[in-house]
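A.B. asks: Please see the structure below; I have some questions.
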Amino acid sequence: MSRRIRTLGWVVTATVLTVFSVPWFWWGDSRTAVGLPLWLWWHIGWMGVATVVFAVFARTDWDRYMGVEDV
Amino acid sequence: MSELTLQLAIVVGYLLVALLVGLVAYRVSTNVAEDYYLANRSIGTLVLLFTTFATLLSAFTFFGGPNIAYEQGPEWILVMGVMDGVLFAMLWYLIGYKQWLVGQQQGYVTLSEMLGDRFGSPRLRGLVAAISLFWLFPYIMLQQMGAGEALTGLSGGVIPYWAGAALITAFMILYVVLAGMRGVAWTDTIQGLFMLSVVWIAVAWVLSAVGGPSGATAALAESNPEFLTLGSEYYSPQYIISTAVVIGFGVTMFPQINQRFFVAGSARVLKRSFVLWPVLVLLLFVPTFLLGTWAAGLGIEVPEGANVLPILLSEYTPMWFAALVIAGAMAAMMSSSDSMLLSGSSYFIRDLYRPFVDPTLGERREAWLARGGVAVFATATFVASLSRPGTLIEVGNTAFGGFAQLTLPVLVALYWQSTTRDGMLAGIVGSQLLYLSHVFIPTLTVEIGATVVPLFARTYGGWDIALGGMILGALLTVGVSLLTTPAADEQASRFVVGSD
């Protein structure tokens with residue numbers, strides 16, 4: 001994978017991660033499940049996804065954009 | 001023991017434990033400025049995570065936030081998630097890690113010092129420090145006012161407001177003077193872990209009495225069904241996005257947060273904290289804000305000016321437990337102020353006093369002077385808080401927006417080597433002026449043709465003007481940098497990692 005495509009991938013991932021932290025497509029929805037609104041469950045799950053993505057980034061490309069090899 | 005004695009005993013007990021931690025930290029510290037401000041850049045993951053976290057929480061987590069959730073529904077959880085869980089985590093990497101790397105290389109202690117050195121400009125250094133102190137001072141005052149009022153409320157008026165605020169100010173001075181960054185970070189950690197556990201115990205306690213989350217939510221569906229619906233007139237998309245972006249970006253430039261970007265012991269510490277951030281945000285804000293929301297369904301009545309969480313807890317949990325939570329929340333306010341005092345003092349001494357008044361100031365004397373700065377700063381905010389000037393309160397309430405104006409110019413400077421001194425000055429001054437004018441000049445309405453256009457409004461079509469200021473700041477920084485050439489003493493290589 002070329003460097004440029006990889007960077008683009010991270011930019012897109014970061015954008016999607018930010019934008020869909022709020023389930024905009026459920027705007028006005030009031031369904032609940034197991035005692036919490038469904039939209040809140042989405043958010044809780046999404047934060048879990050964010051943690052996994054952050055972990056992958058920290059393991060792989062953390063230093064790629066900072067110009068360091070080993071610190 | 002009466003309720004009052006017990007509550008006060010818990011508060012005083014907490015203060016003494018914190019002081020003890022400060023003493024231990026004092027004993028392991030060496031007396032140079034870098035150790036006092038930055039704990040020798042040796043902070044580990046858990047402590048870094050929680051000290052940043054504790055500094056973020058403040059009174060909003062336990063009082064302001066649950067109050068809004070009680071009145072408007074729990075969508076603030078989403079705002080917090082976007083703001084702190086995602087945006088701040090990304091800035092933690094983009095600004096925080098970069099600053100850490102540059103700081104390791106050049107030994108910077110403050111943001112203004114870093115910028116001033118890179119752009120060869122004491123004026124820029126002084127400007128950034130002065131702007132930061134301008135927004136920080138009233139914000140500390142608000143924390144003191146909050147803690148003073150909480151103490152008055154807790155003692156049922158036995159302790160007057162001025163005495164409560166004075167006691168807290170005295171304690172904060174004593175503590176920060178002794179402990180420095182190391183002590184502050186240690187107590188933040190103990191307290192962060194403590195508050196996190198206590199909040200979950202509180203949720204378990206309340207929910208066990210009302211039939212679990214399903215029971216509590218069912219009650220809410222009866223009384224306030226609109227709270228379960230995503231979005232409302234109050235929580236418009238514009239509000240959610242503006243708030244999350246402005247505060248998320250503003251937080252990174254708050255001196256006490258920004259200075260933490262320099263203190264990590266290793267890159268691994270920064271990585272781990274970055275990964276754990278969204279989870280930690282969820283663990284704290286979901287329970288506190290949900291408690292506020294559920295209180296609405298449980299028929300909890302909140303008198304004017306009171307906070308919902310203490311009332312809910314005294315209804316469903318034993319008295320000592322409720323007192324413990326309040327004491328912890330008050331302590332959270334104080335720990336935020338501690339960190340702000342310490343950083344404010346370092347900005348003042350290092351970036352205003354030393355360059356402009358006494359350039360011969362040594363590291364050892366600086367550490368002592370910094371302590372004096374803390375005392376002066378805290379006393380000044382205390383005196384100001386007694387008369388509660390409306391203007392200062394306004395500044396404190398808009399502090400996040402004010403700090404957010406600095407973020408984009410700094411981000412541009414960190415990554416774009418063609419940034420010039422003139423570009424930075426234009427971006428910072430321009431955005432501050434735009435934002436300040438909108439905070440202080442009353443809204444005017446102008447009729448242009450058939451439409452009425454508001455001028456100097458705080459929001460336009462629901463969008464916060466702070467966002468406009470941020471965009472203007474970025475455009476000015478980039479635009480003016482393109483039009484000007486760097487001065488001879490600007491050193492772009494300062495921000496290139498691995499160049500030395």
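Taken together, the values in this text are just the output of simple stated rules run on the coordinates, not laboratory data. Everything numeric here is computed off the predicted structure, so don't read it as measured data. Glycine gets a Cβ as well: all are built from the backbone with ideal geometry, and neighbour counts include every protein chain shown.
A.B. asks: Neighbour counts of other C-beta atoms within 10 Å: give me B:Asp358, B:Asp464, B:Asp35, A:Asp29 arranged from fewest to most. Let's see the in-between values first.
C.D. replies: On the way: B:Asp358 12, B:Asp464 25, B:Asp35 19, A:Asp29 16.
Going from sparsest to densest Cβ surroundings: B:Asp358, A:Asp29, B:Asp35, B:Asp464.
A.B. asks: For B:Ala170 and B:Leu196, what is the calculated FRET efficiency with R₀ set at 35 Å and r taken between the beta-carbons, to the nearest 0.05?
C.D. replies: 0.80
A.B. asks: Then there's this: Using R₀ = 22 Å, calculate the FRET efficiency as 1/(1 + (r/R₀)^6) where r is the Cβ-Cβ separation of B:Leu455 and B:Ser236; round to 0.05. Numbers along the way, then the final one.
C.D. replies: Values: r = 22 Å, r/R0 = 1.00.
E between B:Leu455 and B:Ser236, to the nearest 0.05, is 0.50.
A.B. asks: Semi-axes of the stretch B:91-241's equivalent ellipsoid from the Cα gyration tensor, sqrt of 5 times each eigenvalue, largest first, rounded to whole Å?
C.D. replies: 39, 26, 19
A.B. asks: Using only Cα atoms, locate the centre of the stretch B:102-126 and the centre of the stretch B:196-229, then give the distance between them in Å, rounded to an integer.
C.D. replies: Using only Cα atoms to place each centre, the spacing works out to 49 Å.
A.B. asks: Please express the shape of the stretch B:112-156 as an equivalent ellipsoid: the semi-axes are the square roots of 5 times the eigenvalues of the C-alpha gyration tensor, given largest first in whole angstrom.
C.D. replies: Numbers: eigenvalues 283, 11, 3 Å².
Semi-axes from the Cα gyration tensor: 38, 7, 4 Å.
A.B. asks: Once the piece of chain linking B:Ile311 and B:Thr484 is laid out straight, how much longer is it, given 0.36 nm per residue of separation minus the C-alpha distance between them?
C.D. replies: On the way: separation 173, 0.36 × 173 = 62.28 nm, distance 5.92 nm.
Roughly 56.4 nm would be gained on extension.
A.B. asks: Can you pull the one-decimal nm distance between simple spin-label points at B:Val357 and B:Met319, each 7 Å off the Cα toward Cβ?
C.D. replies: In this crude spin-label approximation the distance works out to 5.0 nm.
A.B. asks: With labels modelled as points extended 7 Å from the Cα through the Cβ direction, what inter-label distance (nm, one decimal) is found for B:Ala163 paired with B:Trp416?
C.D. replies: 5.7
A.B. asks: Near B:Ser223, within a Cβ-to-Cβ distance under 15 Å, what is the net charge of the other residues, with Lys and Arg +1 and Asp and Glu -1? Display every interim value, and only then the final one.
C.D. replies: Numbers: positive: none; negative: B:Glu71, B:Glu222, B:Glu226, B:Glu301.
Around B:Ser223, the surrounding residues sum to -4.
A.B. asks: Say we join alpha carbon atoms closer than 10 Å with springs in a Gaussian network model of chain A; which of A:Val49, A:Val34, A:Val11 then has the biggest fluctuation?
C.D. replies: A:Val34
A.B. asks: Going 7 Å from the Cα of B:Leu475 in the Cα-to-Cβ direction, what parts of the stretch B:423-445 have a backbone nitrogen less than 16 Å from that spot?
C.D. replies: Zone members listed by number: B:426-435.
A.B. asks: Going by how many other beta carbons lie within 10 Å of each one, how would you line up B:Leu20, B:Leu291, A:Leu40, fewest first?
C.D. replies: Numbers: B:Leu20 12, B:Leu291 28, A:Leu40 24.
Final ranking by Cβ density, sparse to dense: B:Leu20, A:Leu40, B:Leu291.
A.B. asks: A further question on this structure: By the scheme Lys and Arg +1, Asp and Glu -1, what is the net charge of all other residues having a beta-carbon under 11 Å from that of B:Ala18? Mind dumping the intermediate values first?
C.D. replies: Details: positive: none; negative: B:Asp188, B:Asp338.
Taking every Cβ under 11 Å from that of B:Ala18, the sum is -2.
A.B. asks: Regarding the stretch A:3-60, what is the average projected area of its C-alpha convex hull, in nm²? Intermediate results must be reported in sequence, preceding the final value.
C.D. replies: Details: hull surface 18.2 nm².
Averaged projected area of the stretch A:3-60's Cα convex hull equals 4.5 nm².
A.B. asks: Hey, another quick one. Within a Cβ distance under 12 Å of B:Val47, other residues only, what is the Lys/Arg minus Asp/Glu net charge?
C.D. replies: +2
A.B. asks: Rounded to two decimals, what ratio of Rg to Rh does chain B give with C-alpha atoms and a Kirkwood Rh?
C.D. replies: Details: Rg = 22.8 Å, Rh = 23.5 Å.
Expressed as Rg/Rh, it is 0.97.
A.B. asks: Might you report the magnitude of the Cβ-based charge dipole of the stretch B:3-388 about its Cα centre, with Lys and Arg at +1 and Asp and Glu at -1, to the nearest 20 debye?
C.D. replies: Values: 17 positive and 21 negative charges, 323 e Å.
Result for the stretch B:3-388 is approximately 1560 debye, rounded to the nearest 20.
A.B. asks: Which of B:Leu4, B:Leu392, B:Leu124 comes first, and how do the rest follow, when ranked by fewest Cβ neighbours within 10 Å?
C.D. replies: Values: B:Leu4 13, B:Leu392 18, B:Leu124 21.
Ranked by crowding around the Cβ, least crowded first: B:Leu4, B:Leu392, B:Leu124.
A.B. asks: Once the piece of chain linking B:Leu16 and B:Arg388 is laid out straight, how much longer is it, given 0.36 nm per residue of separation minus the C-alpha distance between them?
C.D. replies: Numbers: separation 372, 0.36 × 372 = 133.92 nm, distance 2.90 nm.
Full extension from B:Leu16 to B:Arg388 adds 131.0 nm.
A.B. asks: Moving to a separate point now. For the stretch B:381-395 and the stretch B:301-327, what is the separation of their Cα centres, given in Å?
C.D. replies: 28
A.B. asks: Next question, about the same structure. Suppose we look only past 16 Å in the calculated P(r) of the stretch B:377-451. What percent of the Cα-Cα pairs does that tail hold?
C.D. replies: Working: 1805 of 2775 pairs.
Result for the distance tail: 65 percent.
A.B. asks: Provide the per-residue ³J(HN,Hα) series for the stretch B:241-246, in order, calculated from phi with Karplus coefficients 6.51, -1.76, 1.60 and θ = phi - 60°, each as a whole number of Hz, with x at glycine and proline positions.
C.D. replies: 5, 4, 4, 4, 6, 4
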